[in-house]
Amino acid sequence: MTEKTSRVSDDATGAPVILSNEPGSFAWGVLAKRHPALIQQVRDAFPYGRRQHEALDALLDETTNGVIEPLAAADHDRERWADWGKEYFGRSWYDAPFLWAESYFYRRLLGAVGYFDSGPWQGVDPFAPFKQAELRGEAVEEELRALDALASAPTDERAAALLHASLWGNRADLGFRVSAAAVGDAAVSALVADDSALLWQLLPVGGSSTVAVVADNAGRELIPDLILIDHLLEQRHAEQVVLHLKPYPYYVSDAMTADVVDCLRRLIEAPGEAGAIGGRLWKAMAVGSLEVRTHPFFCAPLPYGEMPEDLRGNFENATLTILKGDLNYRRLVGDRLWDATVPFADLTAYFPRAVAALRTLKSDVIVGLEQKALDTLERSGAAWRTSGTHALIQVRR
């Protein structure tokens, strides 16, 4: 990336904030290709009326040809976004920080379909059809059936398999549908960093730990998260798990409370071990050993370093916070073009207690790599940072 097109004025970190204005870059592709395609997919998924179609047309035109416009005066969160976007309104979408532009796009998309308005489309998740299709898919059926065989595996082997299943999410070839041993071999070979041993050290059996899990995607990716949570509770790695969710739809498939309920029902309806896991999780919610929470900050275009005090307090009360997915990683370390060897611990030192990132690589941000590993990856010629073929488990004690 060139100095001219990829950098904004930087603070003392010296690492440039990622923009979307270099044609051919990953960030550019999201705004130029992924967002227009998503507008069309949402349009096709519902029998929206004329007002929604006109608003979607306007959003498409603005994001591809126009400048960033503020929210309407009547929008409930206008003041909040006016503060967050005061430096960016009037600019090309491509010249705003990538993290901010993505977040604001999803807020504007919800506005276009009337999600926040008083009217017939209020509260209707525009991404629900995509999530529900995943849950009904044959791949989920196969993975749930495979839990029966995994249940008889040694505890350590089962723990590793479930951790990797949660890490990889919708990567079926590395999910828990194959044997636990095969999962370990295949998944570990694609990890650019692996602090899984430290993660388990922080959660000793019978240690009365509280674990916070900040969810990422719903559907097929949320199910292995829930199965891992069941393992933490059932094997007494945690006395309580708090699952943090989005308060409203965000980034296509991000998990909300309704998505957790859908996944639990999908588990309970399944035979064998999957059904047993679903039943245990349902009871865990009833007694409080599994609790779900939401917070507006999870839909904000801000790094975790700017989290509000009440959310900070939640994480401070957790023995370990596990952040799932690519977006949470970007917000955790900062959406910047870091030197990939900058220590993960240095960039997460602000976090109130121990933190772990479970992330499949789907954006340019990466830190905490050994120089030798980085050199090998760079020589490969593959798009390892963005293609989803590699992953990491990074932990700061």
Report yes if LEU38 is under 24 Å from the mean Cα position of the chain (by Cα) and modelled with pLDDT of 95 or more, otherwise no. yes
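Listed here are the residues, each with its yes/no results for (1) assigned to a strand (DSSP E or B); (2) of a type in the set (D, E, K, R).
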position	(1), (2)
ARG220	no, yes
ILE223	no, no
LEU226	no, no
LEU233	no, no
HIS237	no, no
VAL242	yes, no
TYR248	no, no
VAL252	no, no
Every listed condition ((1) within 14 Å of the chain's Cα centre (by Cα); (2) of a type in the set (Val, Ile, Thr); (3) under 19 Å from LEU332 (Cβ atoms)) holds for VAL252 save (3)
Counted residues, the stretch 10-54 - those being of a type in the set (Gly, Ala, Ser), under 18 Å from ALA128 (Cα atoms) and in contact (Cβ under 8 Å) with a residue 60 or more places away in the chain: 1
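Residues are listed down the side, and each one gets a yes or a no for (1) more than 19 Å from LEU323 (Cα to Cα); (2) surrounded by 17 or more Cβ atoms within 10 Å (Cβ to Cβ):
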| position | (1), (2) |
| --- | --- |
| ASP262 | yes, yes |
| ILE268 | yes, no |
| ALA284 | yes, yes |
| LEU290 | no, yes |
| CYS299 | no, yes |
Hey, can you tell me all the residues within the stretch 339-397 that are over 20 Å from the mean Cα position of the chain (by Cα) and at positive phi? GLY381
Can you name the residue in the stretch 335-366 that is outside any loop (DSSP other than H, G, I, E, B) and β-branched (Val, Ile, Thr) and, of all such residues, is surrounded by the most Cβ atoms within 10 Å (Cβ to Cβ)? VAL355
Just to be sure I understand, how many residues within the stretch 73-87 are touching a residue at least 12 places away in the same chain (Cβ under 8 Å) and part of a loop (DSSP other than H, G, I, E, B)? 4
How many residues does the stretch 282-308 contain that are outside any loop (DSSP other than H, G, I, E, B), within 18 Å of ALA101 (Cα to Cα) and under 16 Å from the mean Cα position of the chain (by Cα)? 5
Being assigned to a helix (DSSP H, G or I), charged (D, E, K, R) and closer than 23 Å to PRO247 by Cβ is the requirement here; does ASP326 meet it? yes
Near pairs, Cβ below 6 angstrom, 6+ apart or cross-chain, from the stretch 111-133 (surrounded by fewer than 16 Cβ atoms within 10 Å (Cβ to Cβ)) to any residue that is assigned to a helix (DSSP H, G or I) and of a type in the set (Gly, Ala, Ser): PRO129/ALA45
Checking ASP61 against (1) out of contact with any helix residue (DSSP H, G or I) (no Cβ under 9 Å at 6 or more places or on another chain); (2) among the charged types (D, E, K, R); (3) assigned to a loop (DSSP other than H, G, I, E, B), the condition it does not meet: (3)
In the stretch 31-44, is there at least one residue being of a type in the set (A, V, I, L, M) and surrounded by fewer than 17 Cβ atoms within 10 Å (Cβ to Cβ)? yes
When both residues are 6+ apart or on different chains and their Cβ atoms are under 6 Å apart, which pairs have a first residue that lies in the stretch 135-158 and is closer than 22 Å to LEU222 by Cβ and not assigned by TED's automatic domain parsing to the domain that holds GLN235, and a second that is modelled with pLDDT of 95 or more and in a helix (DSSP H, G or I)? none
Looking only at the stretch 20-58, count how many residues are part of a loop (DSSP other than H, G, I, E, B), of a type outside the set (Ser, Thr, Tyr) and more than 18 Å from TYR104 (Cα to Cα). 6
When restricted to GLY90, GLY111, the only residue assigned to a loop (DSSP other than H, G, I, E, B) and not acidic (Asp, Glu) is GLY90
Would you point out the residue of the stretch 200-218, among those that are under 17 Å from the mean Cα position of the chain (by Cα) and part of a loop (DSSP other than H, G, I, E, B), that is surrounded by the most Cβ atoms within 10 Å (Cβ to Cβ)? ALA218
Filtering the stretch 246-260 down to residues that are surrounded by fewer than 21 Cβ atoms within 10 Å (Cβ to Cβ) and among the hydrophobic types (A, V, I, L, M, F, W, C), which residue is modelled with the lowest pLDDT? VAL252
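The values are calculated or read from the model by the stated rules, or taken from the named source; none is laboratory data. Keep in mind it's a predicted model, so treat the numbers as computed, not measured. Please note: Cβ atoms are built from the backbone with ideal geometry, for glycine as well, and neighbour counts cover all protein chains shown.
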